[in-house]
Amino acid sequence: MIALGTGGIKPCVSSFGADQFDDTDPAERIKKGSFFNWFYFCINIGAFISGTVIVWIQDNSGWGIGFAIPTIFMALSIASFFVASNMYRFQKPGGSPLTRVCQVVVAAFRKWHTEMPHDTSLLYELDGETSAIEGSRKLEHTSELKFFDKAAIISSADAKSDSFTNPWRLCTVTQVEELKILIRMFPIWATTIIFNAVYAQNSSMFIEQGMVLDKRVGSFIVPPASLSTFDVISVIIWIPLYDRVLVPIARKFTGREKGFSELQRIGIGLVLSILAMVSAALVELRRLEIARSEGLIHEKVAVPMSILWQIPQYFLVGAAEVFTAIGQVEFFYDEAPDAMRSLCSAFALVTVSVGSYLSSIILTLVSYFTTQGGNPGWIPDNLNEGHLDRFFSLIAGISFVNLLVFVGCAMRYRYKKA
């Protein structure tokens with residue numbers, strides 16, 4: 001039920017919120033850029049309260065009260081959402097975007113042998129300002145992926161029949177451009193999967209590392225899993241800093257309303273994610289050095305090194321999240337065709353799950369190959385005998401290669417023109 005609810009709200013709520021801003025108004029365009037930041041800020045405030053206050057209530061007052069409090073707040077949020085219905089701007093639904101994509105592919109293959117006209121203005125498009133797709137602006141024709149342009153060729157058979165009303169035989173230029181945009185965005189989408197594989201360490205190998213560090217801070221014992229709160233705190237700190245300090249400074253140098261382009265923002269986040277893995281590897285190298293000097297290599301015990309040394313890597317992950325995760329959501333919203341924004345936001349969220357699966361696959365392969373020949377491997381049960389630092393370095397190396405691929409894709413990417 002949680003998966004169903006999350007799948008329904010997450011891709012739609014950010015798109016619906018951004019739809020409240022008018023793209024034709026320069027002032028509202030700037031506010032829309034800030035909306036994504038503060039939207040993510042609110043999510044992390046909720047995560048922080050949930051991971052601290054609600055957990056404390058569950059431990060001290062019982063799970064019944066702990067679950068009742070979020071239930072009450074969800075009921076209040078639903079009520080407030082419906083109460084404000086008359087205030088919202090609604091994007092007209094344009095039908096199934098997947099159906100439109102399939103129509104372009106089918107129509108293009110049907111005209112496989114049809115020659116393209118030299119004059120692209122002869123391709124089919126409705127006259128006037130409005131698009132054939134409800135609630136969507138017209139898109140300008142682009143010269144890339146020319147094969148799909150065949151779907152918009154008006155053949156002699158089309159002219160004689162009723163194909164103008166059959167999108168499985170003849171599509172508008174705007175409909176063809178929708179598919180082209182999705183294909184152009186795919187490489188950018190793929191490169192953010194690696195980022196989410198890095199983010200997955202936040203709730204897996206970082207915790208494993210924390211288990212073999214000294215968890216005492218004064219008279220307190222810090223649970224390793226609770227350090228992930230510093231990731232949330234980092235996001236809460238970085239978002240106001242980014243929105244109120246970095247963007248105005250960047251705006252002076254770049255001349256952009258948002259300071260950074262979405263692709264620049266994602267790229268900065270990818271760099272920070274590499275630094276997070278490097279930080280984790282350095283902490284592990286130091287931990288193993290102390291384990292050797294204290295004669296603890298073959299003992300499954302924590303080493304005398306404070307768990308607080310993990311804070312920098314959590315803060316770097318949080319900073320990377322502010323740049324890449326928010327930049328990704330904004331990129332997929334702004335670049336998506338008007339009638340595909342929720343779908344593209346959903347694709348952006350798919351990278352989170354694919355990144356988690358990829359992290360598991362890498363972990364499985366590392367465990368398999370490094371334990372050949374009877375070796376304990378990089379990640380044995382006793383981490384003092386292993387080389388978790390090499391695993392973090394491997395992830396950093398993969399992320400670096402991914403960054404180079406991203407830069408290449410970003411430099412060739414052509415933004416949509418509506």
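The values are calculated or read from the model by the stated rules, or taken from the named source; none is laboratory data. The model shown is predicted, which means the values in this text are computed figures rather than measured ones. Please note: Cβ atoms are built from the backbone with ideal geometry, for glycine as well, and neighbour counts cover all protein chains shown. For accessibility, only protein heavy atoms count, side chains too; no ligands or nucleic acids. Shrake-Rupley method; radii C 1.70, N 1.55, O 1.52, S 1.80 Å.
With kT/(6 pi eta Rh) evaluated at 37 °C and eta = 0.692 mPa s, and Rh the Kirkwood radius from Cα pairs, the chain diffuses with a coefficient of 135 µm²/s according to Stokes-Einstein. Determine which aspartates and glutamates satisfy two conditions relative to K300: a Cα distance under 19 Å, and not lying fewer than 8 residues away in the same chain. List returned: E208, D214, E284, E289, D381, E385, D389. Each helix, a run of at least 4 DSSP H residues, gives -39500 (n - 2.57); summed and divided by the residues of the chain, these come to -20000 deg cm²/dmol at 222 nm. For D19, the accessible surface of its heavy atoms amounts to roughly 30 Å² (probe 1.4 Å, protein chains only, rounded to the nearest 10). With a threshold of 19 Å on the Cα-Cα distance, the over-threshold entries among K146/K417; K31/K417; K92/K138; K138/K180; K258/K416 are K31/K417.
Put simply, the Cα atoms of segment 121-267 extend 85, 38, 25 Å along their principal axes, the longest span coming first. Sorting H298, H141 by solvent-accessible area of protein heavy atoms yields H298, H141, largest first, with a 1.4 Å probe. Classification of segment 352-394 by its C-alpha gyration tensor yields a prolate form. The axis ratio a/c (a ≥ b ≥ c) is 1.5 or more, and a/b outweighs b/c. C102 contributes about 70 Å² of solvent-accessible surface, heavy atoms of the protein only, 1.4 Å probe. Surface analysis of segment 1-154 yields an accessible area of 65 Å² per residue, using protein heavy atoms and a 1.4 Å probe.
In the chain, the portion of solvent-accessible area held by carbon and sulfur atoms comes to 67 percent [1.4 Å probe, whole percent, DNA, RNA and ligands not counted].
Net charge near K300, counting Lys/Arg +1 and Asp/Glu -1 over other residues with Cβ under 11 Å of its Cβ? With Lys, Arg at +1 and Asp, Glu at -1, the neighbours total -3.
With the simple model of a label 7 Å out from the Cα in the direction of the Cβ, T165 to W112 spans 3.0 nm. With loop membership from DSSP and a limit of 16 other Cβ atoms within 10 Å, the longest segment of the chain without GluC sites (Glu not before Pro) is 300-418. Around the Cα centre of the chain, unit charges on the Cβ atoms of Lys, Arg, Asp and Glu (plus for the first two, minus for the last two) sum to a dipole of about 320 debye.
Maximal additional length on extending the S121-S203 stretch stands at 24.2 nm, based on 0.36 nm per residue less the C-alpha distance. Computed extension length for T24-S96: 23.3 nm, one decimal, from 0.36 nm per residue of separation with the Cα-Cα distance subtracted. Only loop residues by DSSP count here, and only those with at most 13 other Cβ atoms within 10 Å; note down the chymotrypsin sites (Phe, Trp or Tyr not before Pro) in segment 389-418 that meet that. Here the sparse-neighbourhood loop sites are Y415. By its C-alpha gyration tensor, with a ≥ b ≥ c as the square roots of the eigenvalues, how is segment 1-91 shaped: rounded for a/c under 1.5, else prolate for a/b larger than b/c, else oblate? Prolate.
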